[in-house]
Amino acid sequence: MKFRDLFFYSPRAEDDFILDEPSAPSDDYVPQMNEGGPELTGNYRKDKAAFDKEMEKDLNGDLKIREFTVRVGGREAKCAAYFFDGLVDKNGVNDFILRPLMMGSRTTEARSYSDIMNVLLVQSEVKETNNLGTLAFDINFGSVILLIEGYGKAISVDAKGWEHRGIESPEVEKVIRGPNDAFSEQLRESTALIRHLVRNKSLISREFAVGTISQTPVSLMYIKNVADPQLVREAERRITSLDIDYLFSSAELEQYMEGSSLITLPQFMATERPDRAARALLLGRAVVLVDGSPFAIVMPTTVFELNESAEDHYLRTPYVNVIRLIRLMAFLCSLLLPGIYVAVVNFHGEILPTDMLISIVAARDKVPFPTIVEIIIMELSLEIIREAGARVPTPSGTTLSIVGALILGQAAVSAGIVSPILIIVVSIAAIGSFATPNYYLGISARILRFGYIFLGAVGGFLGITAGLFVNVVLWTCTYSMGVPMFVPVAPITKGGVPKTLLYPQIWKQDYRDDYVNPLRRKKQQSARGWKNKEN
């Protein structure tokens with residue numbers, strides 16, 4: 001990165017991404033289950049024995065096999081239905097697969113094997129294959145596998161029906177005025193929620209299976225005629241190049257895909273709200289969903305977007321601007337206030353009014369510890385209470401956090417371990433971290449806070465300023481899918497700086513952000529046409 005790039009923005013080059021091209025698979029690479037495997041021979045007895053071995057019939061207690069006969073072409077043919085108990089809808093299997101094959105094949109005789117798929121099976125998703133690896137992949141995702149005597153291929157019938165949590169209200173990103181749907185752990189439900197909001201044929205959902213063992217479904221969603229093709233290719237490359245055994249969460253995938261793991265700043269935005277993910281798609285971003293995780297990954301993102309709330313788009317502009325300024329002040333207090341307090345007490349007491357300085361000195365008169373030890377004790381105590389509150393049941397956790405903080409703070413002041421003014425400083429910093437909309441950005445501020453405390457104790461305001469300079473440079477040099485995290489401030493983009501400070505009226509937001517290189521830069525024209533037509 002060049003020094004001038006910190007201040008001036010220029011579009012990315014074709015190959016301007018941090019990661020190198022993926023290398024070829026290693027020699028010990030294990031293919032995924034649906035990438036290959038032996039094929040069916042057409043001999044029913046041999047194929048059934050091979051599939052029994054493939055599915056570890058003797059070890060899997062939840063593997064169910066139903067053998068029966070089906071009438072095809074005027075003769076009786078043996079048939080075996082394989083499925084995993086708990087992954088399929090049993091009523092659907094009985095009514096729409098077994099019953100048509102066992103009874104319907106006799107009342108409406110299938111003249112050929114193709115009639116089994118085209119006439120008897122009424123499921124919406126039916127396919128045939130002769131690859132054992134593909135069959136094993138399908139049965140693990142809620143399909144019923146049919147092996148039929150005299151038929152050289154097997155039939156895979158989709159019959160998913162496992163128990164899962166339904167669509168509920170968001171737990172983390174609550175809003176007062178706005179949709180109250182949240183993603184669930186089911187990938188198909190999550191993609192459907194987005195398609196319900198973005199009703200456009202250009203909305204693409206690319207499917208991948210990540211993990212050579214877990215085979216976790218991952219969906220990359222983008223709008224074809226809006227998102228930058230290079231962004232889509234880079235997202236696909238980072239997902240498909242993963243050579244891992246298992247993947248269980250979007251949080252794990254986020255760590256695999258991020259450019260630098262040493263920077264505390266989150267490089268992607270995680271959201272549980274379909275409306276927020278849909279809005280990101282319409283603005284030219286890409287969204288990644290992982291089966292089993294109720295959070296979507298939005299890429300790319302910036303520091304300023306991480307400090308935005310989901311409710312910002314549903315409030316009037318004056319409200320949003322005031323709340324944004326308060327939120328920014330809360331973040332700065334969470335990050336710097338304890339360090340500034342230490343610096344003032346140790347080096348810069350002259351900047352305070354005399355009465356206030358005398359009050360602070362008098363309050364600390366009986367405290368036996370230096371200021372830095374005093375504040376670290378309280379910060380660590382607060383973090384312990386916060387962590388304990390998160391690990392106990394919800395009703396008890398809230399009580400533990402409040403009562404623990406009150407009792408601990410009052411007892412520490414009464415015992416002369418800390419001063420009362422320090423309790424106020426630590427409390428304001430803690431509340432500021434809770435006011436940060438993005439949870440991971442709040443954690444980043446909590447971690448860096450200890451560094452600023454140390455710098456304030458060693459170098460005063462000079463140490464804090466040096467730390468801020470290093471911190472901003474590191475964050476500015478951090479990329480999210482090729483986009484600088486501090487854009488549109490550093491580097492500067494057209495019309496970007498005012499937008500980071502003040503939220504413009506919705507009818508003035510005519511353009512998408514240029515730093516994501518959207519294919520369609522303009523998103524609205526004459527938004528308030530009724531206003532323009534007034535006499």
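The values are calculated or read from the model by the stated rules, or taken from the named source; none is laboratory data. These numbers come from a predicted model, not from an experiment. Please note: Cβ atoms are built from the backbone with ideal geometry, for glycine as well, and neighbour counts cover all protein chains shown.
Output the residues belonging to segment 372-395 that are in contact (Cβ under 8 Å) with a residue 24 or more places away in the chain, touching a Gly at 6+ places or on another chain (Cβ under 9 Å) and not hydrophobic (A, V, I, L, M, F, W, C).
Within segment 372-395, just Ser381 meets the criteria.
From Ile402, Ile385, grab the single residue that is modelled with pLDDT of 70 or more and more than 26 Å from Val345 (Cα to Cα).
Ile385
How many residues are modelled with pLDDT of 90 or more, in contact with a Leu (Cβ under 8 Å, 6 or more places away or on another chain) and buried (at least 16 other Cβ atoms within 10 Å of the Cβ) when one looks only at segment 243-266?
4
Would you check which residues across segment 117-127 are touching a strand residue (DSSP E or B) at 6+ places or on another chain (Cβ under 6 Å), surrounded by fewer than 16 Cβ atoms within 10 Å (Cβ to Cβ) and not in a loop (DSSP other than H, G, I, E, B) and list them?
Lys127
Which is β-branched (Val, Ile, Thr), touching a residue at least 60 places away in the same chain (Cβ under 8 Å) and not assigned by TED's automatic domain parsing to the domain that holds Asp275, of Val144, Val172, Val198, Val122?
Exactly one residue qualifies, and that residue is Val144.
Give the residues of segment 182-196 that are crowded, with 17+ Cβ neighbours inside 10 Å and either in contact with a helix residue (DSSP H, G or I) (Cβ under 7 Å, 6 or more places away or on another chain) or farther than 17 Å from Gly292 by Cβ (or both), sorted by residue number.
Phe183, Ser184, Leu193, Ile194, listed by residue number.
Among what's in segment 426-440 and is in a helix (DSSP H, G or I) and buried (at least 21 other Cβ atoms within 10 Å of the Cβ), pick the residue that is nearest to the chain's Cα centre (by Cα).
Ser433
Okay, residues lined up against (1) under 20 Å from Gly152 (Cα atoms); (2) modelled with pLDDT of 85 or more; (3) not assigned by TED's automatic domain parsing to the domain that holds Tyr246:
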site: Ala24; (1), (2), (3): no, no, yes
site: Asp27; (1), (2), (3): no, no, yes
site: Lys64; (1), (2), (3): no, yes, yes
site: Phe68; (1), (2), (3): yes, yes, yes
site: Ala77; (1), (2), (3): yes, yes, yes
site: Gly86; (1), (2), (3): no, no, yes
